[in-house]
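Student: Structure in structure tokens, see below.
The values are calculated or read from the model by the stated rules, or taken from the named source; none is laboratory data. Predicted model only: the values in this text are computed from it and were never measured. Because the Cβ atoms are built from the backbone with ideal geometry, glycine has one as well, and the counts that use them run over all protein chains shown.
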Amino acid sequence: SVEHATVEKVESDGDLKSVHTDKGSYRAKTVVIASGTQPRRLNVPGESKLFGRGVSTCATCDGPFFRNRVVGVVGGGDSAVQESIYLSRFAKEVHIIHRRDQLRAVKDLQEKAFSIESIKFHWNRVPIAIEGENKVEAVILKDTKTGDTERLPLDGLFIFIGLLPNTSFLVDLPLTTDEHGFIVTNENMETSVPGIYAVGDVRSKSLRQIATAVADGAIAAFDLEKYLG
């Protein structure tokens, strides 16, 4: 059966695991964690207030709303550059804001972005505040080398600075994680706690796509069947 609930905590007591939710607790011999990720946020003034009012983490969702407008993109990796290229189809100008003096995206994406006249680059800059009352009006940028600040008028700001694993409900488990907090598993998707598996984007791995998540799930299902005997 399928239960719709928010998991608050997972505990392991030897062979039995307890999953505590806002609608009750469940006991099982195995647990599969497939909690995914969430976009990393800037955590600057104005971000929460204006999220959904010009601040976004999804260009394909919100890009068409910014036709003939000016938008900013925070980040310098593959996602940031790829989404900037996509946004250039709608926006009058796309301003890529990056904390370093060069992009981290793959060469092909960089070359494509550099070739688009409407994409502008702001090197060695980090956002320290987002301005606006009911919608985004500007972002305040800080020069990472000089400390100087400047105001960049914008109609929207898209944030692509990485992902955070959804693991806050797992603090009571002695799980091994990598330096970014993603769950480390063996080749069978089993974590450092016997009987607990992790699959999909929450797992420590190099490629996060639907295809790899489905493969993780299939491998975990096959192994936990053997685990249960």
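Student: Could you count how many residues in the stretch 201-229 are exposed (fewer than 15 other Cβ atoms within 10 Å of the Cβ), within 23 Å of the chain's Cα centre (by Cα) and small (Gly, Ala, Ser)?
Tutor: Total meeting the criteria: 3.
Student: Being in contact with a Phe, Trp or Tyr (Cβ under 9 Å, 6 or more places away or on another chain), more than 13 Å from residue 156 (Cα to Cα) and among the β-branched types (Val, Ile, Thr), is that true of even one residue in the stretch 39-57?
Tutor: Checking the stretch 39-57: not a single residue is in contact with a Phe, Trp or Tyr (Cβ under 9 Å, 6 or more places away or on another chain), more than 13 Å from residue 156 (Cα to Cα) and among the β-branched types (Val, Ile, Thr).
Student: So which of 181, 147, 217, 195 is small (Gly, Ala, Ser) and assigned by TED's automatic domain parsing to the domain that holds residue 72?
Tutor: Answer to the selection: 147.
Yes/no per residue for (1) more than 30 Å from residue 139 (Cα to Cα); (2) surrounded by 13 or more Cβ atoms within 10 Å (Cβ to Cβ); (3) in contact with a Gly (Cβ under 8 Å, 6 or more places away or on another chain); (4) not hydroxyl-bearing (Ser, Thr, Tyr):
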position: 16; (1), (2), (3), (4): yes, no, no, yes
position: 20; (1), (2), (3), (4): yes, yes, no, yes
position: 32; (1), (2), (3), (4): yes, yes, yes, yes
position: 47; (1), (2), (3), (4): no, yes, no, yes
position: 50; (1), (2), (3), (4): no, yes, yes, yes
position: 82; (1), (2), (3), (4): no, yes, no, yes
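Student: Here's a follow-up. In the set 41, 67, which member is under 22 Å from residue 127 (Cα atoms), out of contact with any Pro (no Cβ under 6 Å at 6 or more places or on another chain) and surrounded by fewer than 16 Cβ atoms within 10 Å (Cβ to Cβ)?
Tutor: 41
Student: Name the residues in the stretch 143-168 that are touching a residue at least 60 places away in the same chain (Cβ under 8 Å) and either touching a Cys at 6+ places or on another chain (Cβ under 9 Å) or over 21 Å from residue 66 (Cα atoms) (or both), would you? Before you say what the answer is, go through the steps one by one.
Tutor: The initial filter retains those residues of the stretch 143-168 that are touching a residue at least 60 places away in the same chain (Cβ under 8 Å), namely 152-167.
Of everything in the stretch 143-168, those that are touching a residue at least 60 places away in the same chain (Cβ under 8 Å) and either touching a Cys at 6+ places or on another chain (Cβ under 9 Å) or over 21 Å from residue 66 (Cα atoms) (or both) turn out to be 158, 162, 163, 164, 165, 166, 167.
Student: Restricting the search to the stretch 187-200, which residues are charged (D, E, K, R) and out of contact with any Phe, Trp or Tyr (no Cβ under 8 Å at 6 or more places or on another chain)?
Tutor: 187
Student: Looking only at the stretch 113-141, which residues are farther than 13 Å from residue 157 by Cβ and surrounded by fewer than 17 Cβ atoms within 10 Å (Cβ to Cβ)?
Tutor: Within the stretch 113-141, 114, 115, 116, 117, 118, 120, 123, 124, 133, 134 meet the criteria.
Student: If you don't mind, another one. Of all residues in the stretch 139-170, which are among the hydroxyl-bearing types (Ser, Thr, Tyr) and closer than 14 Å to residue 125 by Cα?
Tutor: Passing the criteria: 144, 146, 149.
Student: Also, I was wondering about something else. What's the number of the only condition in (1) within 13 Å of residue 30 (Cβ to Cβ); (2) modelled with pLDDT of 95 or more that residue 226 fails to meet?
Tutor: So residue 226 meets the others, but not (2).
Student: Can I ask one more? Out of 101, 78, 108, report the one residue that is in the same structural domain as residue 152 (by TED's automatic domain parsing), surrounded by fewer than 23 Cβ atoms within 10 Å (Cβ to Cβ) and under 16 Å from residue 125 (Cβ atoms).
Tutor: Answer to the selection: 101.
Student: Evaluate the following for residue 55: is it hydrophobic (A, V, I, L, M, F, W, C), under 20 Å from the mean Cα position of the chain (by Cα) and at pLDDT 95 or above?
Tutor: Working: hydrophobic (A, V, I, L, M, F, W, C): yes; under 20 Å from the mean Cα position of the chain (by Cα): yes; at pLDDT 95 or above: yes.
Yes; evaluated as a whole, the condition is true for this residue.
Student: I've got another one for you. For the stretch 9-118, please list each of the helices (runs of 4 or more DSSP H) lying entirely inside it that holds at least 1 residues being in contact with a strand residue (DSSP E or B) (Cβ under 8 Å, 6 or more places away or on another chain) and closer than 28 Å to residue 146 by Cβ. Please lay out each step first, then the result.
Tutor: On the way: elements: 47-50, 59-62, 78-87, 107-115.
Once the helices (runs of 4 or more DSSP H) in the stretch 9-118 are filtered for at least 1 residues that are in contact with a strand residue (DSSP E or B) (Cβ under 8 Å, 6 or more places away or on another chain) and closer than 28 Å to residue 146 by Cβ, what remains is 47-50, 78-87, 107-115.
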